[in-house]
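The values are calculated or read from the model by the stated rules, or taken from the named source; none is laboratory data. Bear in mind the structure is a predicted one, so any value in this text is a computation, not a measurement. We place every Cβ from the backbone using ideal geometry, glycine too, and count neighbours over all the protein chains shown.
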Amino acid sequence: MTSSVDSVIKRSGAVVPFNPERIFNAIYRAAVAVGGRDKEKAWELTGKVVNKLEVNVADGHTPSIEEIQDIVEKILIESGHAKVAKAYILYREEAAHKRHAEGKKSSIPSENIPWAKIWRTLDWALERNLNTVEGMNNRISKGEFPQIVHECEEHYDDDLTTASNLILERIDEIRMVLITGPSSSGKTTTTHKLEDKLKKRGYHFASLNVDHYFFDLEFHPKDEFGDYDFETPQALDLELINHHLVELAAGREVMLPYYDFKTGKRKLNDRPMRLKENEILLIDSLHGLYPQMTRDISPENKFRIYLEPLMQVKAPTGKYIRWTDIRLIRRMLRDSVQRAYNPQQTLEHWHYVRASEMRNIIPYFNSADYIINSAMPYELSLYRHRMLSLFEGWHKLYKDNPLRDDAYIRAERVLSWMSAILEVSDDSPVPHDSVLREFIGGSSLKYH
């Protein structure tokens, strides 16, 4: 699609090339949010927006992002797509709210912070001199790295034990356990280890992999760089998941789908599944707390665990290292091995991850029955050895690229604390069933 408009002004004031595909992506993403997946219609509406823009924009005038978004809203409403227009407006309002919040000293809503859990974690770190980079460096320099690993793993295992005990208190009514949390929080390992603890108490579980409920890749939104947005809950067939969960909880048989990640295609009715008597469903899912996924399951029949690396380590800058940065590095390491995604692709894709988390995961964490902290402060020292040179390169690569603002900000922030960490290259003290092995490799657990 060609246009006489060749540039657009971002909110930062930077002038970037005008790309109609960005309009298409925004419209299609809003359509997906309300259950629509008609790409031809999205392109048709994009064409109307571009035509309107060319008529409205005088020669020599460079339109702003806001002007273009106003036209998109108008075209959607005039074309009879009220639901899509509403979703688009909501996304726009959320983005505006986020920008407004980021301009204040405290940018994170207090209701989205598990304060009690964080204070206990901070107290634990203070007692072991692991609450600052300086303190941890001092301990590592004294040869205490193996002891630090032991302390961190023990802390995580205590959380697992508490979660398993809480499940056992309600075992007579629970039909499913959902282990959820944002990307790379350690859900797969936690699911394995929690299942092992409960099996030792005589209980049996059946696993359901909701990744097989993805829609075909071609129906996912993507951006002008060709990067698919598969982080949203709408990338999954939520209606089918909910239906299958209801049937399984009632003891009936369902036919599970199969998703081929190599081809990006889903096959329906691939294999049967039925829960045995006294068998509990175990679900590891990014969106396990998203209401639509388990809409028709009674609260008393499900136990929901939220997982997050709630690390409380202060960098030399005086700011605490962000949990999202820990998960970003974990995912870089994991994706490079398991999904043929190089670390740079993961960094460039991360804005999708965070946008979906803030909209579809974080707001629901308070509905969890228990929160498990998967942070391992010692992991920071292992990351420096593996990742420092990459972040140094990305910091230079993205510095003057207005289309990659998000990647630059993250690279700069991570580089600032990673440079201060004392490096450890030998990961042999890390147990082979550690949650960290899910990302750095060498796990003794079988991952599906």
*Which numbered condition trips up A116, out of (1) under 29 Å from E300 (Cβ atoms); (2) surrounded by 14 or more Cβ atoms within 10 Å (Cβ to Cβ); (3) among the aliphatic types (A, V, I, L, M)?*
(2)
*Under 7 Å by Cβ, and 6 or more places apart or on different chains, what pairs join a residue from the range 262-281 that is closer than 18 Å to Y213 by Cβ with one that is β-branched (V, I, T)?*
M273/V254
*Can you name the residue in the range 363-396 that is in a loop (DSSP other than H, G, I, E, B) and touching a strand residue (DSSP E or B) at 6+ places or on another chain (Cβ under 7 Å) and is also modelled with the highest pLDDT among such residues?*
S374
*All but one of (1) surrounded by 15 or more Cβ atoms within 10 Å (Cβ to Cβ); (2) in a loop (DSSP other than H, G, I, E, B) hold for K399, so report the exception by its number.*
(1)
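Restricting the range 1-25 to residues that are assigned to a helix (DSSP H, G or I) and either of a type outside the set (A, V, I, L, M) or in contact with a Phe, Trp or Tyr (Cβ under 7 Å, 6 or more places away or on another chain) (or both), which is nearest to P402 (Cα to Cα)?
R22
Going through T317, T324 one at a time, which residue ends up being part of a loop (DSSP other than H, G, I, E, B), in contact (Cβ under 8 Å) with a residue 12 or more places away in the chain and among the hydroxyl-bearing types (S, T, Y)?
Exactly one residue qualifies, and that residue is T317.
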*Kindly list, by first and then second residue, each pair from a residue in the range 424-448 that is among the hydrophobic types (A, V, I, L, M, F, W, C) and at pLDDT below 95 to a residue that is part of a loop (DSSP other than H, G, I, E, B) and surrounded by fewer than 20 Cβ atoms within 10 Å (Cβ to Cβ), limited to pairs with Cβ atoms under 7 Å and residues at least 6 apart or on different chains.*
L445/D433
*Of the residues that make up the range 26-35, is at least one within 17 Å of S79 (Cβ to Cβ), assigned to a loop (DSSP other than H, G, I, E, B) and within 26 Å of the chain's Cα centre (by Cα)?*
yes
*Within the range 1-29, restricting attention to residues that are at pLDDT 80 or above and polar (S, T, N, Q), which residue is farthest from V84 (Cα to Cα)?*
S7
